[in-house]
Each structure stands twice: as structure tokens, then as C-alpha cells.
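*Asks:* A single structure is presented below for examination.
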Amino acid sequence: MALDIDGTLRRIDEIHERRDFVARPLWKGLLEKTHGLPMVHEMAKQPSIIPLHNHNYHGRLYVICPDPAWRAKIAEVVYEEGTGRLFSDGVSHNELYHRFAEGVGVSREELSRTRYCAGALAFKQYFIQICSGSFIEGVAGHMLGAEAQGPGHYQQIAENLQEQFGLTDEQVAFWVIHDIADEDHSGIGRELLEQFATTPEDLERVVVAVDEMQQMMELLDQSIWECMQRVEDSGRVAAE
């Protein structure tokens, strides 16, 4: 079984390498500081469908968790997102995101009126679905898929936002905290598989869930990027 788990974890690593999110234009521009403020302004609105709607995702995963010890782990995620008392000095993650958005010029009212792009709407429904069905698939997609990609990059994004746009420590705290919290959540692969993936079929379901999550995040990022490009094109036309 250990070899099967090792093989599964290798396959998951390969998925992340093949679908490396920092190679996508949205994230590459943040890391290379090539996006102008109007593009980042638009970018701030669309991903809010994750932090401002987290109760739709993590809460459902907590409800379907069959094991008390793991339910406690999921409860910590829900608690942190809702209160920020584990990693962010008592500031909820939706409040952290509001502060980031305000830093790049998106007011709370404007953020609340965001008309989400098709990719964001599709991602929300997918995330709700996977966190509402099979626990092994839900937690694999969430922790081994979505949260495993950010650590190591979000800190750099925070530093770039400060350097490029003059954001304060408070306004980039969302990114800094997620660099820490997501690494904590995603580093549970072997423990998770040893307890819940008890058959080769379970292991295959885990791989499929991670791959599907990465596909949906790729779709989300591409859809957001298209929104950002439309903003850039409109600015270019106005300047002409």
C-alpha cells in the first residue's frame, strides 16, 4: 500500500507540474509585475468568488467528513477562514480579501456588485459539488489540488504588490497568510491517503479529483485573464 501511495503522490506532483499555475498569464504577470493597475483592479474582483464564498465549500466538507479527528482538521480550516484566529490575528479571510481589493482600488460596494465571469461561476458550482459528495474526493480536490499550488508564490505576489502599487502590509496580508495557511493544509497527503484511500480505486479517485480541480482552476484563471484583457483593450482604445 505504501508504494501505491508513493505512486499516487508522484502522480499528483506531476499534475501540478503539468498545470503549473504560475505559467498562466494572470499569475505570471503578478509575479513579473507586468500588469497595470486597471488590470489588477479587474483581477481583484473575479477571484473573490473563493474567499468571499468559502462557507459554501469548506463548510460542506466539514459536514460530510466521516472521521472525528479529520472533522477537527476541517473545522480548523472553517474556523480560520471565518475568524482568522489561527493565522491572521483574528481577521477573517474575507476581511483580508476586502483589504487587498481596497488597496488596488476596488471598494467594498463594488466588490459586492461583481458580475462574475463564466469561469468563476463554473468554478463555484464545481467546488460546491466536490465538497458535498465523497469526502476523499472533496478533501483531495481541496487540499491536494487547490491549496497545494500557492505556497512559495503568494509571498512573492504580496511583495510585488507592495513594490508596484504601494500596498501596505495590511493590504497584502491575504496573500501572506495564505502562503502559510495553504502550506499547512496541503501538507497532509500521505496521512490522508493512508486513512481514507484504502483501495486502488480510491487512489485513482484521488488522482482524478486533483486533476479535475486543476482543470477547473485553469478554466477560472483563463476566464479572469480574458476579463483583464478586455479592460486593457478598453484602456488602449480610450487612450487613442
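Values quoted throughout were computed directly from the atomic coordinates according to the rules given, and no laboratory measurement underlies them. Keep in mind it's a predicted model, so treat the numbers as computed, not measured. Every residue, glycine among them, receives a Cβ derived from its backbone with ideal geometry; neighbour counts consider all protein chains shown.
*Asks:* Give me the percent of Cα-Cα pairs in the chain that sit more than 27 Å apart, rounded to a whole number.
*Replies:* Numbers: 9774 of 28680 pairs.
Of all Cα-Cα pairs in the chain, 34 percent lie more than 27 Å apart.
*Asks:* How about Lys124: which lysines have a C-alpha closer than 17 Å to its C-alpha, ignoring those fewer than 8 places off in the same chain?
*Replies:* Output for Lys124: Lys45.
*Asks:* Okay, moving on. What value, in deg cm²/dmol to 500, does the helix sum -39500 (n - 2.57) over DSSP H runs of n ≥ 4 give at 222 nm once divided by the residues of the chain? Walk me through the numbers before you get to the answer.
*Replies:* On the way: 13 runs with 169 residues, N = 240.
About -22500 deg cm²/dmol.
*Asks:* So what's the net charge close to Arg115: Lys and Arg +1, Asp and Glu -1, counting the other residues with Cβ under 12 Å from its Cβ?
*Replies:* Details: positive: Lys45, Arg113; negative: Glu42, Glu110.
Computed value for this residue: 0.
*Asks:* Next question. May I ask for the net charge around Asn160, where only other residues with Cβ less than 11 Å from the Cβ of Asn160 are counted and Lys, Arg are +1 while Asp, Glu are -1? The partial results should precede the final answer.
*Replies:* Values: positive: Lys33; negative: Glu32, Glu159, Glu163.
Here the charged neighbours net out to -2.
*Asks:* I want to verify a result. In a Gaussian network model of the chain, Cα cutoff 10 Å, which of these has the top mean-square fluctuation: Val63, Val106, Val139?
*Replies:* Val63
*Asks:* If you plug each phi of the stretch 46-52 into the Karplus form 6.51 cos²θ - 1.76 cosθ + 1.60 with θ = phi - 60°, what whole-Hz ³J(HN,Hα) values come out, in order, with x for Gly and Pro?
*Replies:* Each residue's phi maps through the Karplus curve to give 5, x, 4, 5, 8, x, 7 Hz.
*Asks:* How high is the FRET efficiency between Glu170 and Glu218 when r is their beta carbon distance and R₀ equals 30 Å, given to the nearest 0.05?
*Replies:* On the way: r = 31 Å, r/R0 = 1.03.
The calculated FRET efficiency here is 0.45.
*Asks:* Would you give the gap between the C-alpha center of the stretch 99-168 and the C-alpha center of the stretch 21-40, rounded to a whole Å?
*Replies:* Between the Cα centres of the stretch 99-168 and the stretch 21-40 lies a distance of 14 Å.
*Asks:* Taking Lys33 as the anchor, which aspartates and glutamates have their alpha carbon closer than 14 Å to its alpha carbon, excluding any fewer than eight residues away along the same chain?
*Replies:* Correct list for Lys33: Glu159, Glu163.
*Asks:* If you line up the long axis of helix 118-130 against the longest principal axis of the chain, both from Cα atoms, how many degrees apart are they, to the nearest 10?
*Replies:* Helix 118-130 sits at roughly 20 degrees to that axis.
*Asks:* I've got another one for you. In degrees between 0 and 90, to the nearest 10, how far off the longest principal axis of the chain does helix 2-18 point, with axes built from Cα atoms?
*Replies:* 20
*Asks:* Based on the mean of other beta carbon atoms within 10 Å per residue, what is the order of 111-123, 38-50, most packed first? The partial results should precede the final answer.
*Replies:* Values: 111-123: 16.4, 38-50: 20.6.
Listed from highest to lowest mean packing, they are 38-50, 111-123.
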